[in-house]
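Student: There's a structure below that I have some questions on.
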Amino acid sequence: MPYKPSAWSLIDLFPAQDSPEMKAAFDELDEKVIEFEALRPTLSADMSQGAFLQAIHLLEAISRLARLIGVFASLSFSANTQDQPIQAFQSSVETRMATITNRTLFFSLWWKSLDEAAVQRLMAASGDYGYWLEEMRHFKPYTLTEPEEKIINIKDVTGAMATVNLYTTFTNRYTFQLEVDGEMKQLTRGELMVYARHYDPALRAAAYQELYRVYGNDGAILGQMYQNLARDWHNENLDLRHFSTPITVRNLSNDIPDDVVDTLLGVCQDNIPVFQRFFRLKARWLEMERLRRYDIYAPVVKTDKMYTFNEATNMVFDAFQRFEPRVANLALRVLEQNHLDSEVRVGKDSGAFCASVAPDLTPWVLVNYQGKPEDVATLAHELGHAIHSQLAAEHSQFTFHSALPLAETASTFGEMVLLDYLLARETDTSVRQTLLFRQVDDAYATVMRQAQFAIFERQAHDLVQQGMTVDEISAAYLETLHKQFGDAVEVSDEFRWEWVSIPHFYFAPFYVYAYTFGQLLVLSLYQQYKVEGEAFKPRYLSLLSAGGSKTPEKILSAAGIDMHAAKFWQGGFDVIRGLIEQLEALPVTK
Ligand SMILES: [Zn+2]
């Protein structure tokens, strides 16, 4: 039977938000939290290993049940963002979940306060929970007293968090004007940025100019919000908690050593010429003397190739099947259990994601399938996430989900498996060229752009500390762009405002390098696969199966990867350079 785009079913979670099953789940959750709170006086350095494990099991059951309810609410909302009862349900769930988090918080505070001898004794019996327990302890040296922590939490709500919310609310209201085919359009940022990939060079330029006109108008205010957040980050994390540098805070929560991040970003700096070479090549294809910053995502060839949903799913399954039947079956399970929402509907979330709920449940996947080649790639990407979490199903609720820097491994790898499959079969030259160019476009956006963002963030946090003005920070930003693009790309002045338009800088400082990390890792892994074939697969599958049960360092070294070595990261860039050379060898077509 051919596959057709459809909505998902959430029946494996709950029949409905107002069902007896949902009410029963809430009741059970309440009972379990009360039971857990009753354990508080029994937590002690000399408690038995059995009692310790029992407490963890109970906390895990609470966490699993809360996750089931929470995911049901958020998936219902994604499937229908305009439905008011669903909106109301989701906010009531969020509030109840925050209360549960507070009521169970005493466990992690107690665990962090224990001395090393007690920790060693209890850890010995912790089995698969080991890494989750160990990770909590990483923050011990930076944890303040309970009253201090409480004050920070209370003041954050109206301080840093409020500033981030203000930034989000403020910038989400922006509308952009763009003249398209003689008609003035009112667009959201997402709609505007579609024109950054348009065939018409004038439209690409106009889209970017409009974007930074709007952000630049409020540049002084947005910049001030950033300065406040960077100061708050410094005051709390360096002055009070005694982290050594601003980026160390993020590195610790990613569990990636500082020297690895320094090496990663250093290798990126060394490889600036690789993408400059790509931009020169692209200029030739676009028949331009020199590329403008407006043109870096421009399509080089016209193609309107479309795939039906049935063709797309069959291609993805076939590509996965050829890689490894076990992997293909895990992807297939998402469709067979009706956990994929693939159709385009009014009111549905316009993005794409995979939601892993619990180790024993097949994840839910949302895409908006419209038939373009990138929609097929997105399908492979999100199903890759679903494969990753199912491979890690042996682990606990706390350890099956991989850490951020490894979270994009199976998804990106799945896309590459699909790309190779398509390149081997596609006879239409323009489609092949589009696929190859898009891969380097994406590699730029994920690897180099995000690395440069992280490098700028390091500098910006210093500049704020030195008391620099918003205009001085903008000038520093523009300078990093000039360094990055050299004489390969012309960067016009309005790009000085790009930094105030990057939400990650506000809500999650230094988050962005995880993208660079993940993408270079997969490029290197894929290269190993091409060289080693079958021999590579068990190593790769066990990397995925580890989920979040060990430190990223241990998971990678078991797969033969030394993340401290510059040579490893350079391997990712070598793959990108290989792709560019492949493109350079093609005759320029129009
Ligand atoms: Zn992803």
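Student: Return yes or no: is Asp428 within 16 Å of the ligand (Cβ to nearest atom) and either free of Cβ contacts under 8 Å to residues at least 60 places away in the same chain or in contact with a Ser or Thr (Cβ under 8 Å, 6 or more places away or on another chain) (or both)?
Tutor: No.
Student: While we're on this one: Checking the structure you have, find out if any residue of the range 570-585 is hydrophobic (A, V, I, L, M, F, W, C), outside any helix (DSSP H, G or I) and within 30 Å of Pro299 (Cβ to Cβ).
Tutor: yes
Student: Output the helices (runs of 4 or more DSSP H) that fall wholly within the range 219-270 and possess 1 or more residues being farther than 29 Å from Leu523 by Cα and of a type in the set (Phe, Trp, Tyr), or say none.
Tutor: It comes to 219-233.
Quick grid of which residues meet (1) open to solvent by less than 20 Å² (accessible area, probe 1.4 Å); (2) within 21 Å of Ala205 (Cα to Cα); (3) in a helix (DSSP H, G or I); (4) touching a Phe, Trp or Tyr at 6+ places or on another chain (Cβ under 8 Å):
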position	(1), (2), (3), (4)
Gln433	yes, no, yes, no
Gln439	no, no, yes, no
His461	yes, no, yes, yes
Glu472	no, no, yes, no
Glu479	no, yes, yes, no
Glu498	yes, yes, yes, yes
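Student: I'm told Leu391 meets every condition in (1) under 30 Å from Leu58 (Cα atoms); (2) within 16 Å of the ligand (Cβ to nearest atom); (3) surrounded by fewer than 24 Cβ atoms within 10 Å (Cβ to Cβ); (4) free of Cβ contacts under 8 Å to residues at least 60 places away in the same chain except one. Can you identify the failing condition by its number?
Tutor: Every condition holds for Leu391 apart from (4).
Student: To continue, here is another question. Filter the range 416-431 down to residues that are assigned to a helix (DSSP H, G or I) and of a type in the set (D, E, K, R) and give me whichever is surrounded by the most Cβ atoms within 10 Å (Cβ to Cβ).
Tutor: So, considering only residues that are assigned to a helix (DSSP H, G or I) and of a type in the set (D, E, K, R), the one surrounded by the most Cβ atoms within 10 Å (Cβ to Cβ) is Asp420.
Student: Is at least one residue of the range 407-415 open to solvent by 20 Å² or more (accessible area, probe 1.4 Å) and away from the ligand (no atom under 13 Å from the Cβ)?
Tutor: Checked the range 407-415: no residue is open to solvent by 20 Å² or more (accessible area, probe 1.4 Å) and away from the ligand (no atom under 13 Å from the Cβ).
Student: Being more than 20 Å from Glu149 (Cα to Cα), assigned to a helix (DSSP H, G or I) and without any contact (Cβ under 8 Å) to a residue 40 or more places away in the chain, is that true of even one residue in the range 98-112? Steps first, please.
Tutor: Within the range 98-112, the subset more than 20 Å from Glu149 (Cα to Cα) is none.
No, the range 98-112 contains no residue that is more than 20 Å from Glu149 (Cα to Cα), assigned to a helix (DSSP H, G or I) and without any contact (Cβ under 8 Å) to a residue 40 or more places away in the chain.
Student: Here is a follow-up. I'd like the full set of residues that are at pLDDT 95 or above and either more than 16 Å from the ligand (Cβ to nearest atom) or more than 12 Å from Glu382 (Cα to Cα) (or both), limited to the range 344-360. Explain how you work it out, then say what you get.
Tutor: Keep residues of the range 344-360 that are at pLDDT 95 or above, which gives 354-360.
Passing the criteria: Val357, Ala358, Pro359, Asp360.
Student: Let me ask you something else. Looking for something in contact with a Gly (Cβ under 8 Å, 6 or more places away or on another chain) and more than 27 Å from Ala460 (Cα to Cα) - is there at least one such residue anywhere in the range 270-280?
Tutor: No, because not a single residue in the range 270-280 is in contact with a Gly (Cβ under 8 Å, 6 or more places away or on another chain) and more than 27 Å from Ala460 (Cα to Cα).
Student: Further question on the same structure: So which residues in the range 162-172 are at pLDDT 85 or above and open to solvent by 70 Å² or more (accessible area, probe 1.4 Å), if there are any at all?
Tutor: Of everything in the range 162-172, just one residue is at pLDDT 85 or above and open to solvent by 70 Å² or more (accessible area, probe 1.4 Å), namely Leu166.
Student: Within the range 6-19, take every residue that is out of contact with any Leu (no Cβ under 9 Å at 6 or more places or on another chain) and open to solvent by 50 Å² or more (accessible area, probe 1.4 Å) and give me the one that is nearest to Val344 (Cα to Cα).
Tutor: Selected residue: Ile11.
Student: Among the residues of the range 246-256, is any within 30 Å of Pro2 (Cβ to Cβ) and free of Cβ contacts under 8 Å to residues at least 40 places away in the same chain?
Tutor: No.
Student: Within the range 40-54, count every residue that is open to solvent by less than 70 Å² (accessible area, probe 1.4 Å) and not in a helix (DSSP H, G or I).
Tutor: 5
Student: Yes or no: Gly351 over 16 Å from Gln337 (Cα atoms) and open to solvent by 10 Å² or more (accessible area, probe 1.4 Å)?
Tutor: Judged against the criteria, Gly351 is a match.
Student: Turning to a different aspect of this structure: Quick one: count up the residues across the range 363-375 that are part of a loop (DSSP other than H, G, I, E, B) and either over 16 Å from Thr313 (Cβ atoms) or of a type in the set (Lys, Arg) (or both).
Tutor: Final tally of qualifying residues: 2.
Student: Identify all residues within the range 145-203 that are of a type in the set (Asp, Glu) and outside any helix (DSSP H, G or I); write none if there are none.
Tutor: Within the range 145-203, the subset of a type in the set (Asp, Glu) is 146, 148-149, 156, 179, 181, 183, 191, 200.
Within the range 145-203, Glu179, Asp181, Glu183, Asp200 meet the criteria.
Student: Answer yes or no: is there a residue in the range 523-539 that is in contact with a Ser or Thr (Cβ under 9 Å, 6 or more places away or on another chain), in a helix (DSSP H, G or I) and small (Gly, Ala, Ser).
Tutor: no
Student: Just to be sure before I move on: is Lys23 free of Cβ contacts under 8 Å to residues at least 12 places away in the same chain and either surrounded by 12 or more Cβ atoms within 10 Å (Cβ to Cβ) or farther than 23 Å from Gln337 by Cβ (or both) in the structure I sent?
Tutor: Values: free of Cβ contacts under 8 Å to residues at least 12 places away in the same chain: yes; either surrounded by 12 or more Cβ atoms within 10 Å (Cβ to Cβ) or farther than 23 Å from Gln337 by Cβ (or both): yes.
In short, yes.
Student: When the residues of the range 327-342 are narrowed to those that are outside any helix (DSSP H, G or I) and of a type in the set (S, T, N, Q), which ends up least open to solvent (accessible area, probe 1.4 Å)?
Tutor: Among those that are outside any helix (DSSP H, G or I) and of a type in the set (S, T, N, Q), it is Ser342.
Student: I need a count of the residues in the range 295-306 that are open to solvent by 20 Å² or more (accessible area, probe 1.4 Å) and in contact (Cβ under 8 Å) with a residue 24 or more places away in the chain.
Tutor: Selection size over the range 295-306: 6.
Student: If a residue has to be under 30 Å from Phe279 (Cα atoms) and open to solvent by 70 Å² or more (accessible area, probe 1.4 Å) to count, how many in the range 540-590 make the cut?
Tutor: Total meeting the criteria: 8.
Student: For Arg292, work out the one condition from (1) within 30 Å of Lys530 (Cα to Cα); (2) in contact (Cβ under 8 Å) with a residue 12 or more places away in the chain; (3) of a type in the set (D, E, K, R) it doesn't fulfil.
Tutor: (1)
Student: Is there any pair with a first residue in the range 161-186 that is in contact (Cβ under 8 Å) with a residue 12 or more places away in the chain and within 24 Å of Val500 (Cβ to Cβ) and a second that is of a type in the set (Gly, Ala, Ser) and open to solvent by 30 Å² or more (accessible area, probe 1.4 Å) whose Cβ atoms are under 8 Å apart and which are 6 or more apart or on different chains, and what are they?
Tutor: The qualifying pairs are Leu178/Ala206.
Student: A follow-up question, please. Could you tell me which of the residues Ala377, Ala386, Ala403 is within 16 Å of the ligand (Cβ to nearest atom), at pLDDT below 95 and in contact with a Pro (Cβ under 9 Å, 6 or more places away or on another chain)?
Tutor: None of the other options fit; the residue is Ala403.
Student: Could you please let me know if Gly371 is on the phi > 0 side of the Ramachandran plot and either open to solvent by 10 Å² or more (accessible area, probe 1.4 Å) or under 22 Å from the mean Cα position of the chain (by Cα) (or both)?
Tutor: Numbers: on the phi > 0 side of the Ramachandran plot: yes; either open to solvent by 10 Å² or more (accessible area, probe 1.4 Å) or under 22 Å from the mean Cα position of the chain (by Cα) (or both): no.
So Gly371 does not fit the description; no.
Student: When you scan the range 79-95, do you find a residue that is small (Gly, Ala, Ser), over 24 Å from Glu135 (Cα atoms) and surrounded by 13 or more Cβ atoms within 10 Å (Cβ to Cβ), even just one? Full working, then the answer.
Tutor: Looking only at the range 79-95, we keep the residues that are small (Gly, Ala, Ser), and these are 79, 88, 91-92.
Then keep just the ones that are over 24 Å from Glu135 (Cα atoms); that gives 79, 88, 91-92.
After this cut, where a residue has to be surrounded by 13 or more Cβ atoms within 10 Å (Cβ to Cβ) as well, the list is 79.
Scanning the range 79-95 turns up at least one residue that is small (Gly, Ala, Ser), over 24 Å from Glu135 (Cα atoms) and surrounded by 13 or more Cβ atoms within 10 Å (Cβ to Cβ).
The values are calculated or read from the model by the stated rules, or taken from the named source; none is laboratory data. Given the structure is predicted, the values throughout are model-derived calculations rather than measurements. Reconstructed Cβ throughout: ideal geometry from the backbone, glycine too, with neighbour counts over all protein chains shown. Heads up: the accessible areas ignore ligands, DNA and RNA and are worked out on the full protein's heavy atoms, side chains in. Shrake-Rupley method; radii C 1.70, N 1.55, O 1.52, S 1.80 Å.
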